[in-house]
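Since the structure comes first, as C-alpha cells, the remarks are kept for the end.
The values are calculated or read from the model by the stated rules, or taken from the named source; none is laboratory data. The structure displayed is predicted, hence computed values, not measured ones. All Cβ positions, glycine included, derive from the backbone under ideal geometry; neighbour counts span all protein chains shown. What goes into the accessible areas is simple: the full protein's heavy atoms, side chains included, and nothing from ligands, DNA or RNA. Shrake-Rupley method; radii C 1.70, N 1.55, O 1.52, S 1.80 Å.
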Amino acid sequence: MTTKATNYLTHFRNIGIAAHIDAGKTTTTERILFFTGRNRSIGEVHDGAATMDWMEQERERGITITAAATTARWTRSGTEQEYVVNIIDTPGHVDFTIEVERSMRVLDGAVAVFDSSQGVEPQSETVWRQADRYGVPRIAFSNKMDKTGASFELVLNDIRERLGAIPAPIQYPMGEESDFKGIIDIVRMQTHTFANDLGTEIVVGEVGDIPEKFVGKVAEMRAMMIEAAAEVDEDVMMKFLEGEDPTVEELISALRKGTIAQKIFPVLCGSALKNKGVQLLLDAVIDYLPNPLEVPAIVGKVEDSEETVTFPPDPDGKLAALAFKIMADPYVGRLTFVRIYSGTMQSGSYIMNASKDKRERVGRLLKMHANSREEVTELRAGELGAVIGLRDSGTGNTLIGDGDDAVLLESIDIPEPVIKLAIEPKTKADQEKMGVGLQKLAEEDPTFRVESDQESGQTTIAGMGELHLEILVDRLRREYKVEANVGAPQVAYRETITRATDVEGKFVRQSGGRGQFGHVKIKAEPLPPGSGFVFENAVVGGTIPREYINPAQ
Ligand code: GDP
C-alpha cells in the first residue's frame, strides 16, 4: 500500500540481469549504465575503470562473479518521471549458484538476457528456475539480434517450449542479423529506428511507418501478446473475445499485472553491442517490473518460536535488513552489501546482527554508482547499499534495530560444496599467510570451505566447481601473495545419473517435468510405465542420497 511515507518507493526498481554466460549480460549492463548517464563512455569496463565487473580476473576470464548493487537513474522516455534503478549483479556461471541465489533473494524483478542466435541455453534455464523458486517477475531480452543466426521467434518458442512459460512479445525486430534496423513497439504500434551508431538518436515512427513486409508478423505477434494479457485481465479478455482492440493503457496495465504475478513474460529484442533497444528495455523495466511495494513483504521468524513477523517496506517501521554480499575493498576494507526491507539504517548507529546475536556499529553508508561512490547518511526501506564498519556480519545474516526482538529473515540457501582439493603453499614459510588468506576468502563466500585434516595436517578447500576453486586460488595469489599448489580434484558429491528408479515423488514434482532435490536440478523424462525415469545432466550441485541412484545401464 502506498502512503505518503512510502511514496518514493513507487519510483524504485530493484532488478537483476540474469543470463547464461556469453548471452550478453555484461554488455547489456554496461549499456544500461551508459544510457542511465553514469557510465562516461561505452567500453570503459574493459579499460579498467570501476564498473560492475571490477575484478581483474573477471575481465580476463570474461565472466561475472561478484554480486554487488549499482544505483542508476532513469527518466522514463516520453515523461519527466525519474526512477531509481538498482542493478544487482547476478552471475551466469553455474559454479557460482550461491551468488545467483543471494542476488535473487534481494531483487524484486529481473531481466533475463538471451542470445537470440542460441535461444534458451542450458544455463539460462538454470537461472530461470532459480528465479521461479524465488518468485521473481521477469522480462526477457532477446539480445544479439544483429548476429548471424539471430531469431526472435526462436527465443519466443524456446521460452514456451523449454521454459514452459507464456511469452508476451511486446516488440518485433525490424529485420534480423545484418538487416536488424530497428524495433517495432507492438504495444504502442510505433517504430524505433536508430540514426547513429551510439544509439542515442532514435527516430520514432507511427503505425504507418511499419514496413509492409513486417505487417503480417506484427499482427500475429500482437495477437499473441493480447492473448497473453487476456489470460490475466478480464477487461482485455472481453475485448479480445469481441475482437476489439484494447487501449495502450489497458494493455500495459494487464501486462504489468501478469508479469508481476509471473504468469506472463514480456519479451523484448535488441542488440546491446550495437546500442539498440537498451532505452526501450529500461522503459520496460519501469513499465512492467514491480516496485518494492508490489512484491510480497519479507517475513521474519521470531527466535525460539513458531511466530512470524511481516516487514512491509516502510522507512518508519522497525529495521529489517539482509546482508547479501561481503567484499574486500582496497580502500575501505570490508564492505557489506545490504538490502533494507523495513526501517532506516543510519550511519554511525548500532544495529543487531540477529543471526549471530552480535551488536555491530554501522560506520559509513555508501551507494555504489557505476563510476563513483556516494556517501549517504541513511538507507531507507527498499534501498540497497554498502555498509563500512560491520565486522562480523556475513552473507545471509539478518540485521535489525539495536534492542529489537530477535527475528531471522527468510535467508539464503547455502548449498553444500561439490568439489574438494588439497592445497599447500609452494614455500613452507607461506603456510600461515595461506591460512589467513583462505580464512578471509571463506568469510566472503559461504560456499567456499577450508578444512585441515588433523592426521595428515593437510589443508583442503571445497567449493562449487573447478572454476570456482581456480578463481579463489588465483585470488589467493593476487590478493594475499601466496603461491599454492593444488591437488587433483576429488569430486565429493557430484554424480551424473543416467537412470534412476523409484524416485517419483521424491525427486520429481511432476512427471516428465523438472524436479528438485535440495540443490539438485533434475531433468526427467518418463520411461514406459513402471520403469522409472531417465535423468539427464542431473546434478548441478548438492547431494543425492545413494539409495536413490541406480548405476548407469
Ligand atoms: P556475459 O557473459 O553474458 O556477460 O556476456 P558479454 O556481455 O561479455 O558478451 C559476450 C560476447 O557477446 C562478447 O563478445 C560481446 O561482445 C558479445 N555480444 C554482446 N552483446 C552482443 C550483441 O548484441 N550482438 C553481438 N553480435 N554480440 C554481442
Restricting to strands (runs of 3 or more DSSP E) lying wholly in segment 310-410: which have 1 or more residues that are open to solvent by 10 Å² or more (accessible area, probe 1.4 Å) and farther than 20 Å from ALA297 by Cβ?
-> 320-329, 333-342, 344-346, 350-353, 358-361, 364-368, 373-376, 378-380, 384-388
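May I ask you to verify whether VAL136 is away from the ligand (no atom under 15 Å from the Cβ), open to solvent by less than 40 Å² (accessible area, probe 1.4 Å) and either at pLDDT below 95 or assigned to a loop (DSSP other than H, G, I, E, B) (or both)?
Yes; evaluated as a whole, the condition is true for this residue.
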Only one of these conditions is not met by VAL84: (1) open to solvent by less than 60 Å² (accessible area, probe 1.4 Å); (2) within 16 Å of the ligand (Cβ to nearest atom); (3) at pLDDT 80 or above. Which number is it?
-> (2)
Looking only at segment 451-458, decide whether some residue is in a loop (DSSP other than H, G, I, E, B) and either at positive phi or at pLDDT 90 or above (or both).
-> yes
Mind listing just one residue for me: the one in segment 142-169 that is farther than 21 Å from LEU255 by Cβ and part of a helix (DSSP H, G or I) and, of those, nearest to the ligand (Cβ to nearest atom)?
-> LEU154
Which pairs have Cβ atoms under 7 Å, sit 6 or more apart or on different chains, and link a residue in segment 468-480 that is within 18 Å of LYS420 (Cβ to Cβ) to one that is of a type in the set (Gly, Ala, Ser) and not in a helix (DSSP H, G or I)?
-> LEU469/GLY463; LEU472/GLY463; VAL473/ALA484; LEU476/ALA484
Failed item in (1) open to solvent by 10 Å² or more (accessible area, probe 1.4 Å); (2) within 16 Å of the ligand (Cβ to nearest atom); (3) at pLDDT 90 or above, with TYR8 passing the rest = (2)
